[in-house]
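The values are calculated or read from the model by the stated rules, or taken from the named source; none is laboratory data. Keep in mind it's a predicted model, so treat the numbers as computed, not measured. With ideal geometry, Cβ positions are generated from the backbone for all residues, glycine too; neighbour counts draw on all protein chains shown. Ligands, DNA and RNA are excluded from the accessible area calculation, which covers all protein heavy atoms including side chains. Shrake-Rupley method; radii C 1.70, N 1.55, O 1.52, S 1.80 Å.
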Amino acid sequence: MAEIEYKSVAKSFDQVSVITDLNLTVGDGEFVVFVGPSGCGKSTALRMIAGLEEASAGDIRIGNRSMAGLAPSERNVAMVFQSYALYPHMTVAGNIAFPLKMAGRPAAEIADRVKEAADILNLGPYLDRRPAQLSGGQRQRVALGRAIVRHPDVFLFDEPLSNLDADLRVSMRAEIMSLRQRIRATMIYVTHDQTEAMTMGDRIAVFAPLKDGYQRSLMQIGTPDELYDRPANLFVARFLGSPKMNLVACHGGDRLRFGSLDLDAEAPAGDTLLGVRPEDLSLQDAGVAGLAGRIRLVESLGAEYYVHVETEEGELVVRVMDRSRRPVSGEAVSLRPNRQALHLFAKTSGERLPRR
Amino acid sequence: MSKRLVNLARWLVFALAVLVLNFPVIATAITSLKSEAEITTNASLIIEAPTLANYAAVFAMADRFDILHFLTNSLVASLIGSALAIALAFPAAYAMARFNVGRAWLLPLVVNLRAVPLIIFAIPIYLMYQQVGLLDTRFGLALILALVNVPLVLVLLASSIADLPIEIEEAGRVDGAGTLRLLAYVVAPMSLNVVAASSVLAFIYSWNEFLFGLIMTTNKATPVSVGASFFFAASGGGVRWGVAAAVMILATLPPLVIGLVMYRQIGRSMTAGAVKG
């Protein structure tokens, strides 16, 4: 019912193009995360659904109804802002009730629904307080309450957790996810945090900043696993995953090689980059077939080590889960990739190449 | 111990500053409490025989110059004049701050209008007022006061609205408020402190306005700024300084009281807690 569609949408501010040729459909009841570095237009894309920005070209449809020319108040969407954006002069109850009051609902219904929202978000004891008397997490819960109280078709989240400290962010993330179980509305969630994107979204849409020379805004959309396992281009490959994917240039010759190791595959024509995620590399003793190198730095994260290895192809990062032996810096090693988990990209276009 | 000394020194400096800056006011207040005889013989700030005789004399002249009538005229005209200015300027300021309506030319134009000597408007307005019967009416005076106040109020409101966090208004729009309801329920409550500050300023300007009070009124709507001057030569001969001082003090009280009452409102931040600061 509340399917959201971008049809060839473009947006520019004062001649500066921020979004171009955006085609994207968010299914009814789906939770899609827009992710990308700053300036990639992900928030602008969201704000265009809310009607806070007007598309420069193309059409945005909600529930197969064009939104062109409709004011934000006529779109039945709810939005949660990064800065909370609470009404400072109203109590918590007043804030949550505001959308219903604007919709002209009867007082008794407003009271019931405010209470319902407050119960869901554990805001009961704070209903008479003002935003200034609340902590950051409580304020963002009020903002959530103000959104859910209206039972809207569409929920928009614009980096709602970015202002919270790390602990609170994790618990609010869980809170939003459990909210999502209760309310089957279409949700779009904007973030620059890939952990949020990977853990929350049914699907993730990765945006690239046009100012950095990318030709289109939407680089890839898919489930978190699809994006992680089969990034469609270098931008997505680099953006998702921490530590980042290792990229190694493939040198001429018709066989695909990794150092001294033959990867049993034909090398594609043209300049190519071979991508291997840090967890798909393993440390071998020096002399074993693979890419030779020397350990420069070992970062211990408790559960795992990030081992930085200096090779002739540059520095690669290996994620070592085996904690029985701590790698030592200065040690000579050989790196071996998991052949099932290799990614090939054309160097100039950045597009993913098929394995042959 | 030394902290108390510092405090003491601080208060001495305050007291001195207050004394110097307010000396004319203090001198007037003291003069109003001296008898006519004492004013000529004792110029010091110490009153030998305090008396309310000058105030009594002011009210005794009510048959010729009614101070309460002048005060009422000023109060009504100034209240309407400043309220009207706010009512006119608030939506305009919002349009300028958020929709950029006329921000480039209308705002500078209106503000520069304030720099033009007001006497230029006197004759056309007088002739117009004559036609429509607004001469010597409180409402007529209030209309002019509102126009005199609009530039200042507009600048204050436009800049303060531009400084409000825009996300709150965006939230209001998404929550279903159109522009008018957004103004009434969200922007206006958040602007209360600036509205209060500009009301006080507008009221004070209105209260002190002399030129139009002099030209546009003859008797029924004479404001206290003009009316007070009548008392200076009330007794025919020379100026009765005691009476003049008493009139001046009476004329100063209402704006003083309003300023004090509104002061707390002005200093308050209206947006605390609204957005991550």
If you count only protein heavy atoms with a 1.4 Å probe, what accessible area per residue comes out for chain B, rounded to a whole Å²? 53
Name the aspartates and glutamates eligible as straight-distance cross-link partners of residue B:34: C-alpha to C-alpha under 15 Å, and not fewer than 8 places from it in the same chain. B:48
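What is the extension gain from residue B:99 to residue B:22, computed as 0.36 nm multiplied by their sequence separation minus the C-alpha to C-alpha distance, in nm to one decimal?
Values: separation 77, 0.36 × 77 = 27.72 nm, distance 4.38 nm.
Answer, rounded to one decimal: 23.3 nm.
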Mark the label point 7 Å from the Cα of residue A:303 along Cα→Cβ and return the residues of the range A:250-286 whose backbone N is within less than 18 Å of it. A:278-281
If I take the Cα coordinates of the range A:207-282 and project them onto the principal axes, what are the three extents in Å, biggest first? 37, 27, 18
What lysines could a cross-link reach from residue A:211, if we take a straight Cα to Cα line under 21 Å and drop same-chain neighbours fewer than 8 places away? A:11, A:42, A:347
Expressed as an acute angle from 0 to 90° and rounded to the nearest 10, what is the orientation of the C-alpha long axis of helix A:136-148 relative to the principal long axis of chain A? 70
Computed [θ] at 222 nm, deg cm²/dmol, chain A (DSSP H ≥ 4; -39,500 (n - 2.57); rounded to nearest 500): -7000 deg cm²/dmol
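By DSSP, what percent of the beta bridges with both residues in the protein assembly as shown are antiparallel, rounded to the nearest 5?
Details: 56 of 74 bridges.
Within the protein assembly as shown, antiparallel bridges account for around 75 percent of the total.
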Point-to-point label distance, residue B:2-residue B:136, nm (Cα→Cβ direction, 7 Å offset): 7.1
Select from B:167, B:36, B:209 the residue whose mean-square fluctuation is largest in a Gaussian network model of chain B (Cα-Cα springs shorter than 10 Å). B:167
For residue B:163 and residue A:15, FRET efficiency with R0 = 25 Å and r from the beta-carbon atoms, rounded to 0.05? 0.35
Could you check which residue among A:312, A:159, A:54 shows the biggest mean-square fluctuation in a GNM of chain A with a 10 Å Cα cutoff? A:312
What aspartates and glutamates could a cross-link reach from residue A:101, if we take a straight Cα to Cα line under 19 Å and drop same-chain neighbours fewer than 8 places away? A:74, A:109, A:112, A:116, A:128, A:153, B:169, B:170, B:175
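At 1.4 Å probe size, with the rest of the protein present, what percent of the exposed accessible area of the range B:162-226 is carbon and sulfur atoms? Could the numbers behind the result be given before it?
Details: 1480 of 2330 Å².
Within the range B:162-226, the accessible surface is 64 percent carbon and sulfur.
Would you please give the FRET efficiency between residue A:38 and residue A:338, computed as 1/(1 + (r/R0)^6) with r the Cβ-Cβ distance and R0 = 30 Å, to the nearest 0.05?
Working: r = 33 Å, r/R0 = 1.10.
Working from the Cβ atoms, E equals 0.35.
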Helix A:166-182 sits at what angle to the longest principal axis of chain A, using alpha carbons and giving 0 to 90 degrees rounded to 10? 60
Relative to chain B, whose Cα atoms define the longest principal axis, helix B:241-267 and its Cα axis are tilted in degrees, nearest 10, by 30
For a quick check, take a GNM of chain A with Cα springs below 10 Å and name the residue from A:98, A:34, A:239 with the largest mean-square fluctuation. A:98
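Round to the nearest 0.05 the FRET efficiency obtained for residue B:230 and residue B:12 when R0 = 60 Å and r is the Cβ-Cβ distance. It would help to have the intermediate numbers written out before the result.
On the way: r = 41 Å, r/R0 = 0.69.
Efficiency at R0 = 60 Å is approximately 0.90.
With solvent modelled as a 1.4 Å probe, how much accessible area in total do chains B and A shield from it at their shared surface, in Å² to the nearest 100? Show your work: numbers first, answer last.
Numbers: alone 15760 and 16410 Å², together 30050 Å².
Chain pair B/A: roughly 2100 Å² of buried accessible area.
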